[in-house]
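Working notes, structure below.
The values are calculated or read from the model by the stated rules, or taken from the named source; none is laboratory data. This structure is a prediction, so every number in the text was calculated from the model and none was measured. A quick note on method: Cβ atoms are made from the backbone with ideal geometry, for glycine too, and the neighbour counts reach across all protein chains shown. Protein only, heavy atoms only, side chains kept; ligands, DNA and RNA dropped before computing areas. Shrake-Rupley method; radii C 1.70, N 1.55, O 1.52, S 1.80 Å.
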Amino acid sequence: MVDVVCLGELLIDFVSLESGVSLEQAPSFQKAPGGAPANVAVGLAKLGHEVGFIGKVGDESFGHFLANVLQENGVDISGLAFDSETRTMLAFVSLTSEGERDFMFYRHPSADMRLTPDDIPKDLIQQATIFHYGSISLISEPGRSATCHALDLARESSLLISYDPNLRLGLWASQERAKQEILAGMRSANLVKINDDELEFLTGTRKLEDGAKQLLTFGPKLIVITLGSQGSFFYTDTAAGHVPGNALRAVDTTGAGDGFVAGLLSGLLAYSKPGEAYVFPGKAELEACCRVANAVGALATTKRGAIPALPTRRQVEDFLN
Ligand code: ADP
C-alpha cells in the first residue's frame, strides 16, 4: 500500500557539460535520470513516504538504469512496465547564453508513449491517498487512454488528484493544441501546480489572483503557482496567500518545481482522513504546506541534476530551522 502514486514519463536527460552553448555547439553530455512525475516520486520517497510509480521504459540498459534509480531511492516500481519494441525516452538539454533551456527530445515513439490501459495497476491506485500526473503522458495515444484510465480509477476511489502540466511546447503539435489539452487535463484535477510562465501561457495573465481564478473554473479546488526564488502563491475559493522563497545560491534549478510538488503533497498528506474523500485544509495549513514545499524546491537547486539534490525530511527540517 502506498501514500502516493505518480504516473508519467521516466527518461534520461543528457545534460550539456558546458553551459552557455546551444545543442548544436555542445560537445559532451552527462547522463541524468529525469521525468517530472518520476522526480516527484523520488522526492516523496526521500521525504519518507510510500510511493509508487506508473510508467514505461525500454527493456534495455537505459530503462534498467532508470528502474534501479527509482528502486534505490525507495520507490515501488511494480507499476513500471518494460517495452521490448521501443526505447526509453531521451532528452538532450543545454543552457544557452540567454539562460534559456534548449531541449531536444527522442520520442519517435519512445516507450513512455506506449503505456496502455492494461499496464495500469488497479490495486496500487485504489489503495493510495494521492494520484499525481502531468501533461506529457496525455499528448498521444495510447498513453493518453492509459492516463485517463488511471484518473478514472483514482476518482472512483476518491483519491486527491494532483496535476503539474509541466509545459514542454516542443512535444505538442502546436501551441493552441498544448493550451487546449493542458486546460482540458485540469478537469480531472483537485490540485494544479504551475509556474508563472505556465500561468501566462494558459491564462494570458501574470496576475496571480486573476490567473488562478480563471483556472479554478476548470474544476480544481486549489491552484499553486511557483515563482522561482520568490516562493509560491496558493489560491482556493476561500483562501489565498503568497509564501516567500528562501534566499540561497542556486546551482541548478532543474527539478525545483518537482521538489516543490513533493514537498507540497507531503504536507497535504497530513490532512487526509483514511476512507474519506480528501478535503483541503485552511489558509494557515496551506501556508505551512507551501513553506515546506518552498524549502524542498530551494534545496533541489543546490546540486546539479534533479534527483541527487532532492532532500530528506531531516535536511528539510534542518533548513527550516
Ligand atoms: P519550475 O521548476 O516548475 O519552473 P520554480 O522555478 O518556480 O518551478 O521553482 C519551484 C520552487 O522552488 C519555487 O517556488 C521556490 O520555492 C523554489 N526555488 C526555485 N528556484 C529557487 C531559487 N533560485 N532560490 C530559492 N528557491 C527557489
Report the charge-dipole magnitude of the stretch 53-120 in Debye, nearest 20, computed about the Cα centre from +1 at each Lys and Arg Cβ and -1 at each Asp and Glu Cβ. 80 debye
How high is the FRET efficiency from VAL279 to THR312, r the C-beta distance, R0 41 Å, rounded to 0.05? 0.90
Rounded to whole Å, give me the distance from the Cα center of the stretch 289-303 to that of the stretch 199-268. 13 Å
Hey, which lysines would be in cross-link range of LYS56, C-alpha to C-alpha under 18 Å, not counting anything within fewer than 8 residues on its own chain? LYS122
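Quick one: compute the contact order of the chain, relative version, from alpha carbon pairs under 8 angstrom and 6+ residues apart, as a percent. Display every interim value, and only then the final one.
Details: 741 pairs, mean separation 51.2, N = 321.
Relative contact order comes out at 16 percent.
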Work out Dmax and Rg for the stretch 1-50 from the C-alpha atoms and quote the Rg first, both in angstrom. 15.0, 47
Aspartates and glutamates whose Cα lies under 18 Å from that of LYS283, excluding same-chain neighbours fewer than 8 positions away: GLU209, ASP237
FRET efficiency estimate (nearest 0.05) - Cβ-Cβ, ALA270 to ARG155, R0 22 angstrom: 0.50
Once you place label points 7 Å from the Cα toward the Cβ at GLU72 and GLU181, how far apart are they in nm? 3.3 nm
Using alpha carbons only, how many angstrom separate the centre of the stretch 88-146 from the centre of the stretch 37-71? 12 Å
Average projected area of the Cα convex hull of the stretch 48-124, in nm²? 6.8 nm²
Surface accessible to a 1.4 Å probe, per residue, for the residues of the chain, Å²: 44 Å²
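How big is the charge dipole of the chain about its Cα centre, in debye rounded to the nearest 20, if each Lys and Arg gets +1 on its Cβ and each Asp and Glu gets -1 on its Cβ?
Values: 27 positive and 39 negative charges, 105 e Å.
Dipole about the Cα centre, nearest 20: 500 debye.
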At a Förster radius of 30 Å, what calculated FRET efficiency corresponds to the Cβ-Cβ distance of ALA288 and ARG144, to the nearest 0.05? 0.25
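Over the stretch 4-320, with every protein chain in place, what whole percent of the accessible area is carbon and sulfur at 1.4 Å, could you tell me?
47 percent
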Within the stretch 275-318, list the residues whose amide N lies under 16 Å from a label point set 7 Å along Cα→Cβ of HIS242. 287, 291
Going Cα to Cα from LYS303, which lysines come in below 16 Å? Please leave out same-chain ones fewer than 8 positions away. LYS31, LYS46
Where Rh is the Kirkwood radius over the Cα pairs of the stretch 4-320, the temperature 10 °C and the viscosity 1.306 mPa s, what D in µm²/s does Stokes-Einstein return? 82 µm²/s
Mean residue ellipticity (222 nm) of the chain, computed from DSSP H runs ≥ 4 via -39,500 (n - 2.57), nearest 500: -10500 deg cm²/dmol
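Multiplying the sequence separation of SER229 and SER174 by 0.36 nm and subtracting their Cα-Cα distance, what value in nm do you get?
Numbers: separation 55, 0.36 × 55 = 19.80 nm, distance 3.01 nm.
Contour length minus Cα-Cα distance gives 16.8 nm.
Which value does Rg/Rh take for the stretch 216-321 over its C-alpha atoms, Rh per Kirkwood?
Details: Rg = 13.9 Å, Rh = 14.1 Å.
Using only Cα positions, Rg/Rh for the stretch 216-321 is 0.99.
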Highest-fluctuation residue, GLU100, GLU85, GLU181 considered, GNM on the chain with Cα pairs under 10 Å: GLU100
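Which chymotrypsin sites (Phe, Trp or Tyr not before Pro) in the stretch 1-53 sit in a loop by DSSP (not H, G, I, E or B) and have at most 11 other Cβ atoms within 10 Å of their own Cβ? Present the calculation step by step, with values, prior to reporting the outcome.
Values: sites: PHE14, PHE29, PHE53; in loops: none.
Counting only loop positions with at most 11 other Cβ atoms within 10 Å, none of the chymotrypsin sites (Phe, Trp or Tyr not before Pro) in the stretch 1-53 qualifies.
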Taking the convex hull of the alpha-carbon atoms of the stretch 93-136 and averaging its shadow over every direction gives an area in square nanometres of 5.0 nm²
